[in-house]
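Chemist: Pasting in a structure now, in structure tokens, and then I'll have a few things to ask.
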Amino acid sequence: MNEEALKNLVSTIIKPLITKPDVMTVTLTETPANVSCVVAVDAGDLGKLIGYGGTTIHAIRELIFSAHLSAGKKVYIEIEALKK
């Protein structure tokens with residue numbers, strides 16, 4: 001799976017969960033061993049993405065990891081608030 005496909009997958013999963021999808025940004029950093037994906041969303045959407053006890057973000061991470069498993073790299077997903 002290439003970088004653009006991974007960005008699209010992350011966007012497709014996260015956009016329906018947040019109230020301001022137009023301000024969301026996805027940044028990928030790839031190393032030989034892993035891929036780091038930083039998703040920046042509006043501060044009001046952080047709680048929605050984390051979920052009660054972290055269940056929502058855990059499920060998102062499992063989906064992304066499973067989809068990217070064939071590439072042989074581990075995917076790390078971080079959620080952060082957009083800086084204003």
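The values are calculated or read from the model by the stated rules, or taken from the named source; none is laboratory data. As the structure is a computational prediction, the values presented were derived from the model and not from experiment. Cβ atoms come from the backbone with ideal geometry, glycine included; neighbour counts cover every protein chain shown. For accessibility, only protein heavy atoms count, side chains too; no ligands or nucleic acids. Shrake-Rupley method; radii C 1.70, N 1.55, O 1.52, S 1.80 Å.
Chemist: Can you find, among 82, 21, 46, the residue sitting farthest towards the positive end of the charge dipole of the chain, where Lys and Arg contribute +1 and Asp and Glu -1 at Cβ?
Modeler: Farthest towards the positive pole: 46.
Chemist: Give me a comma-separated list of calculated 3J(HN,Hα) values for the stretch 53-65, in order, Karplus coefficients 6.51, -1.76, 1.60 applied at θ = phi - 60°, integers in Hz, x for any Gly or Pro.
Modeler: x, x, 5, 5, 5, 5, 5, 4, 4, 5, 4, 5, 4
Chemist: Sum up the charges of everything whose Cβ sits under 9 Å from the Cβ of residue 20, counting Lys and Arg as +1 and Asp and Glu as -1, but leave residue 20 out.
Modeler: Charge balance in the 9 Å sphere: -3.
Chemist: Return the carbon/sulfur percentage of the accessible area of the stretch 2-74, one whole number, probe 1.4 Å, all protein chains in place.
Modeler: Roughly 59 percent, rounded to a whole number.
Chemist: Run the reach check for residue 73 against lysines, Cα to Cα strictly under 21 Å, same-chain hits fewer than 8 apart removed. What comes back?
Modeler: Reachable lysines: 7.
Chemist: Leaving ligands, DNA and RNA out of it, rank 17, 69 by accessible area with a 1.4 Å probe, largest first.
Modeler: Descending accessible area places them as 69, 17.
Chemist: On a 1.4 Å probe surface of the protein chains, which of 50, 57 comes out largest in accessible area, and what is the full order?
Modeler: Details: 50 80, 57 15 Å².
Ranked list, largest accessible area first: 50, 57.
Chemist: Further question: Could you give the length gained by full extension between residue 46 and residue 30, i.e. 0.36 nm per residue of separation minus their alpha carbon distance, to one decimal place? It would help to have the intermediate numbers written out before the result.
Modeler: On the way: separation 16, 0.36 × 16 = 5.76 nm, distance 2.42 nm.
The span from residue 46 to residue 30 would gain 3.3 nm if fully extended.
Chemist: Counting only heavy atoms of the protein chains, get the accessible area per residue of the chain (1.4 Å probe) and round it to a whole Å² value.
Modeler: 60 Å²
Chemist: Heavy atoms of the protein only, probe of 1.4 Å, neighbouring chains included. What is the accessible area of residue 63 in Å², nearest 10?
Modeler: 100 Å²
Chemist: Starting from the Cα gyration tensor of the chain, take the square roots of the eigenvalues, sort them a ≥ b ≥ c, and report rounded, prolate or oblate (rounded when a/c is under 1.5, otherwise prolate if a/b is larger than b/c, else oblate).
Modeler: Because a/c hits 1.5 or more and a/b exceeds b/c, the chain counts as prolate.
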